[in-house]
Amino acid sequence: MTNGFQIVVCGSLVPDPLQTLEPVTTPQGPGLKNETMLPSVLDPWAAHALFEAANLAKQIAGSKVWLVSLGPKAKLQQLMMTVAQKAPFELVAIDGSASGFTDAHGVAAALADAIGAIPGLDKSRLLLFGGCASASRDASVTLQLVGERLGIRDQFVGVDEIKVQADGSFSILERIEGGQYLSSTCQAAPAVLAWATGNLPEPPNNPQIGMANMRGVMPALQKAKPAAVGVGGIAYEKTEIPAQKRQTRIVKDATADEIAREIVEWIRS
Amino acid sequence: MAKIFALLHTESDGSLPKAARETLAAAVNLAAQTGGALTVGVLGAGAAAAADAVAGCGAAAFITVGDHAVAHPRYATDAAAATALVQAAGAEIVLAPNTSRFARCLPGAAHRVGAQIDTHIVAVGGEGGAVHAQRWFYRQRILGSFSRTARPWMLLVDGGVCPAWQGPAGTANAQEVPVAFTAEDQRTTVKGVQAPAADAQTIRPDAVLLFVAGAGWTKKQKDGQAHIGDAGVLIQGFLRSAKASLGSSKSLVDIQSEGQETLSFMSHMNQVGQTGSTPRHAKGLATCCHGEEPHAVGWRFINERRAVNLDPNCGWAQGKADVVYVADAFEVITKVNALLNA
């Protein structure tokens, strides 16, 4: 592995998971109530992908990380104030909707166009990273569609581990059914890796990394091209939060013996 | 008349997974609702024999790709095979199980045949030429009902949505579809499956009960000390006795990745919720877990829910569980284990 990898991470913003989400109808299709006001975080799976990318780039000399992010420019700017302190990357911003109701096909086209336009990108060294799904659309298809558009035929989904060999080949562990892993080896880049959680903790904030990243973030945001992503070919008939509130019985003053008996009866019923 | 195509795959032993039979049932229903013609396609090891196993499903035709190249799940060869099958079927509506194998390769196949694709489908139905589907958005928070007019349209159906198809086997006379696999398609070599250690506890879809352990198991207890070893013994004892599946909150598995002492048998594979799984079990028991929304969204398909927590105002008490026991989980699970083993 002489030249290192060029690692492109696709990741956008999603509403903070602690926020209450309420669907509303807009002229553009379904949306969220007060969507522009909701605090956002980097999509959790994409965040894992970014941390794994940064870790890999640190290990393999000559590697570089790009973060390609599609979202409203103003919200991306807010997001970068936190994300930029976590890992070194060069931002490629695309100005468009980050709604979970957008069509993955349109999003994939916008991402592929932006990645294809990265100056000096060498496809023979390209690793396309991202989350195995998003916490908004949760489609689990976007990264594969981007990979197809870029002509990448080695793709892995639900990745928890990559180990690179000296010759540039790498082994991958992908989550499959039953708590098992599918173990594969790939001869070389390019490849798509849609990450599950990986094995790395969230890096602490590093102001030096933040300062270095921010030098590129603002110009990237200013250069962000608009992308007309929307509901595409999806005809939404209804979006709703099904009633799920239960009448919770709170058992406060029972002894451990009484509670245990009740739980065992319930388990055996 | 709509051309409905049930696209299935085999396991490495040549059998059809349960999810494939469930999808076949959904496709049979959809064909009946729309008056469509059903074709069944199977890819993977022993595809022809697998087609015979479902020969009685009423499909007008069966097609297969059983080439050695698709004996194991691999994106490039699976995508090429699925592309060939969809094209050979002239499919307009493709139903496929949302397994890890198809979730990996079918988006690529959809791109190659110019299809639209939607995943995690929890309901599909139709009348005439129209097909409608439902899936969740924002991680099981918002349910969307929708349709598409573009064809082909691929729908990956989640497990547990339909009862598995059951019917007579027979002779399907399946037609093998030739696929020209290239060397480029085989740059990836599948080494095999790494199963968890025999004594490892993971989320097991076949278990009736899901037991979720939260970060509270690792916190200081009444005596001012953490009792992580005791917690491990109690939890594993419960899992053995109740034959339960083990889930976790994110905060508990994060403790491990941050290098702190925690339950050694717990990993991100156990994580339930926003960034974990959404398992389907008849019952769920949460212990030492606060029931915050990012975790509770993973309980969408748990029917009966109970929780043991010291906080009577925890998330579970806010309409997310049927019963909340305000008690010390160490004490309760000790007693529960004793009763289960009596």
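Worth a mention:
- Complete set of residues in the stretch B:1-44 that are of a type in the set (A, V, I, L, M, F, W, C), over 19 Å from B:SER100 (Cβ atoms) and assigned to a loop (DSSP other than H, G, I, E, B): B:MET1, B:ALA2
- Any hit, the stretch A:156-173, residues being at the interface with chain B (Cβ under 7 Å from one of its Cβ atoms) and of a type in the set (Lys, Arg): no
- The one condition in (1) buried (at least 23 other Cβ atoms within 10 Å of the Cβ); (2) under 26 Å from the mean Cα position of the chain (by Cα) that B:ASN309 fails to fulfil: (2)
- Hey, A:PRO39 at pLDDT below 95 and either crowded, with 24+ Cβ neighbours inside 10 Å or touching a Ser or Thr at 6+ places or on another chain (Cβ under 6 Å) (or both) or not: no
- Listed by position, the strands (runs of 3 or more DSSP E) contained in the stretch B:172-265 that have at least 3 residues being modelled with pLDDT of 90 or more and more than 20 Å from A:ARG175 (Cα to Cα) are B:209-213.
- In the stretch A:107-117, of all residues being crowded, with 20+ Cβ neighbours inside 10 Å and either acidic (Asp, Glu) or within 11 Å of chain B (Cβ to nearest Cβ) (or both), the one that is nearest to A:ALA224 (Cα to Cα) corresponds to A:ALA112.
- Whether a residue is assigned to a strand (DSSP E or B) and surrounded by fewer than 19 Cβ atoms within 10 Å (Cβ to Cβ) was assessed, and B:GLU304 passes this test.
- Per-region count, the stretch A:69-111, residues of a type in the set (S, T, N, Q) and part of a strand (DSSP E or B): 1
- Unique residue being under 29 Å from B:THR278 (Cα atoms), in a loop (DSSP other than H, G, I, E, B) and not assigned by TED's automatic domain parsing to the domain that holds B:THR275 when the list is B:GLY159, B:GLY125, B:GLY167, B:GLY144: B:GLY159
- The residues in the stretch B:1-30 that are within 14 Å of chain A (Cβ to nearest Cβ) and among the aliphatic types (A, V, I, L, M) can be counted, and the count is 3.
- When the test is whether a residue is part of a loop (DSSP other than H, G, I, E, B) and facing chain A (nearest Cβ under 10 Å), B:PRO279 does not pass it.
- Positions within the stretch A:255-269 being surrounded by 15 or more Cβ atoms within 10 Å (Cβ to Cβ) and within 7 Å of chain B (Cβ to nearest Cβ), in sequence order: A:ALA256, A:ILE259, A:ALA260, A:ARG261, A:ILE263, A:VAL264, A:TRP266, A:ILE267
- Within the stretch B:74-97, tally of residues that are within 11 Å of chain A (Cβ to nearest Cβ) and surrounded by fewer than 24 Cβ atoms within 10 Å (Cβ to Cβ): 2
- Considering residues of the stretch B:329-342 that are surrounded by fewer than 21 Cβ atoms within 10 Å (Cβ to Cβ) and either without any contact (Cβ under 8 Å) to a residue 60 or more places away in the chain or at the interface with chain A (Cβ under 7 Å from one of its Cβ atoms) (or both) only, the residue farthest from B:LYS219 (Cα to Cα): B:ALA342
- Some residue of the stretch A:245-266 being of a type in the set (Val, Ile, Thr), in a loop (DSSP other than H, G, I, E, B), modelled with pLDDT of 95 or more and under 28 Å from B:ARG139 (Cα atoms): no
- In the stretch A:187-196, the residues that are surrounded by fewer than 22 Cβ atoms within 10 Å (Cβ to Cβ) and either outside any loop (DSSP other than H, G, I, E, B) or within 7 Å of chain B (Cβ to nearest Cβ) (or both): A:GLN187
- Counted residues, the stretch A:210-254 - those being facing chain B (nearest Cβ under 9 Å), basic (Lys, Arg) and surrounded by 11 or more Cβ atoms within 10 Å (Cβ to Cβ): 3
The values are calculated or read from the model by the stated rules, or taken from the named source; none is laboratory data. Quick caveat: nothing in here was measured; it's all calculated off a predicted structure. Cβ atoms come from the backbone with ideal geometry, glycine included; neighbour counts cover every protein chain shown.
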